[in-house]
Structure formats: C-alpha cells, structure tokens
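The values are calculated or read from the model by the stated rules, or taken from the named source; none is laboratory data. Since we're looking at a predicted model, the values are computed, not measured. Cβ: placed from backbone, ideal geometry, glycine included. Neighbour counts: every protein chain shown.
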Amino acid sequence: MYLSKKCFTLKQIAMKQKLQFILPILCVFFLLDLSAQTTANLTPVKDNSIYSESNNSNGLGRLYSGRTGSTDGNNNRRALIKFDLTSIPNGATITSVTLTLNVSRVPGGVGTQTYNIYELTTDWGEGTSTGTGNGAAAVAPDTTWSDAMLGTSNWTAAGGDFSPTALSTLSLSGLGNYDFPTSTTFVSVAQQWLDNPSTNNGLILIGDETVNRSARQFGSKDSGIAPILNVTYNTLSTEEFSLTNFYIIPNPATSSIKLELPSFINEIDISAFDVLGKNIYSAKHNSNVIIDVANWTPGIYLLKVSSENVSKTKRFVKI
C-alpha cells in the first residue's frame, strides 16, 4: 500500500456552488492497496505442433517439443500455444505470469532437459490434422515447419518467427505438471497482449535441440491435460483523478522517459511505484521532465504526478 491524498480548498467547493468566500483547505487522505491480486487460469484458444522433417502438423492432437533422437533421424519438434487475455479487465496491471504444462510421455532412458518459451511474432494456424509423435498431413490453415498458415503465409524463418529472448526457462525430467516461472519479460509481453490484443501471437516451446531424444509429449487443449497460463493482476485504477493529463514518452522505455505536461504546470512532485506499491523514486521537477530509468529493474511501474491540488497516475514499462 501507499498513502495518497486529494486536497480541496473550501473556496473551490464554494465556487462550484457560486458562493464567494474563502475557507481553509480540506485534505482527504486515502490508501491505495496495490497488493490486492486476482489470478486468471487461462486455457489455450489454439495449439499445434510442427516437425522439422516434414510438413506434418498436429492441430487437434497432443503437443510435442524437443529433439526426437537418433531412432527418428534427429528431427525437431516445436509446440505453439495461444491464450486469449481479453477476459482480464481492461486497465488491469499484470504482476506475474506462469505457464503450466503436463508432460504425458518421456522417451525411455533420457534425463533432464532444458526447455524455453518464446514470444511468437507472426500469427499462425490450427487446422484439423491429428496424429501421434510424427503428426499427420497438415490441413489448412495448419502451421507447419515452413508455413505460418498452410496455403496462406510462410514463416520468415523455418521453424517459426519468435523474439530471441526467452520469456521463461525450465528443466523437465519425468511425467507430471511443470510450472514455467514468471519473469519481468514474460509479464511485459502479457501486459502488451492485454493492452493491445492484436499483438498477441502466442508462445512457442522449444526443447534442447542439440541433445538426441530430448523430446517430450505434452497435453493439449484437445487431448490430455491442457496447458494453463496463470496470469496474476490487480485492477487498481491507475488514474486517481482526471483533472489534468500527461504523457510518458517513450513507453516502453529503456534508458530515460520524458513527461509531456500541460503548459500551465509549474513545479510538480513525481513519484514512481513498482506493482507491489514500493516507492522507488520521488523528486520535484519543473514542467520540463526527463527521468533516467536506465538502472531500474525491467518491469511495470506506476508514475504519479502531483501539482498543487491535482494528481494523476499512469503506467509505464521499463524494458
């Protein structure tokens, strides 16, 4: 929690009533609870598997990822999964994201292997193909190793188009459920999906493709125990008052942010809070505001601007 306040002179109140007199200032203090959290457990809206040795797909079957090993020609499998975040309230601030996968089959004699989740940057398809470990002939609009959507579009790079930074990493061994942990990057990507759903192309799961027989079979939305995206968020409004406005540029930011404020603003107080309510920055500025955020931990922050009797809070992302 952090303490905020709203002050009114009774002159302001009187003016609203068209009364002409000046009275003392009335300040109302209130607590903003940033720790109230809700978790949404989301199942996929689509998932699929792609195979490096063929244009096979597995749109309505199980998911596969990793390297199949010498008995199958050292071929690679990758799993694609998409979740819809629109059931989360608009304006919510995401604080944690984890992915739960169920391993339903492990090749005999293999040990622990490392798997990574990446953000897909191109939309892809799920058709009606279904099969076992080697999939089945793709059915449009299935995705394949070369096709984002069969008959419609190709991947820029075979095997899927994705951002190079892993959102989460986990070592898998035997059967059972595994939770890929949250990270600031994972949270930032999910927040972007929530704020701008058109940017949501889903996730790709890639196993250790340098190790033979590292492949795992996972449950999908159509067979076995489905993947679950666990999204924790709070619904505290980031706007306390709408008496003035300001803009944060750029947002997301990497090294510094500039605040564009109304022209009549003179001295202002600025405070920044992380998503758990910890105050990590406080300072006074004039109307020309540039804040160095280069050393801030990547994540989501609430930036509060106060001037005289007016304040407003907005969210920005440090990457």
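Things worth noting here:
Per-residue answers, yes or no, for (1) in a helix (DSSP H, G or I); (2) at pLDDT 95 or above; (3) more than 28 Å from R77 (Cβ to Cβ):
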{"position": "T169", "(1), (2), (3)": "no, yes, no"}
{"position": "T185", "(1), (2), (3)": "yes, no, no"}
{"position": "L205", "(1), (2), (3)": "no, yes, no"}
{"position": "E209", "(1), (2), (3)": "no, no, no"}
{"position": "S214", "(1), (2), (3)": "no, no, no"}
{"position": "S223", "(1), (2), (3)": "no, no, no"}
{"position": "L236", "(1), (2), (3)": "no, no, yes"}
{"position": "I248", "(1), (2), (3)": "no, no, yes"}
{"position": "N251", "(1), (2), (3)": "no, no, yes"}
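- The requirement of being surrounded by fewer than 18 Cβ atoms within 10 Å (Cβ to Cβ) and modelled with pLDDT of 85 or more is not satisfied by P262.
- Counted residues, region 40-57 - those being assigned to a loop (DSSP other than H, G, I, E, B), out of contact with any Ser or Thr (no Cβ under 6 Å at 6 or more places or on another chain) and over 19 Å from L203 (Cβ atoms): 2
Yes/no per residue for (1) β-branched (V, I, T); (2) without any contact (Cβ under 8 Å) to a residue 60 or more places away in the chain:
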site: A79; (1), (2): no, no
site: T95; (1), (2): yes, no
site: Q113; (1), (2): no, no
site: G135; (1), (2): no, no
site: A138; (1), (2): no, no
site: W155; (1), (2): no, yes
site: G159; (1), (2): no, no
site: L170; (1), (2): no, yes
site: G176; (1), (2): no, no
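- Residue under evaluation N196, criteria (1) free of Cβ contacts under 8 Å to residues at least 60 places away in the same chain; (2) buried (at least 18 other Cβ atoms within 10 Å of the Cβ), criterion not met: (2)
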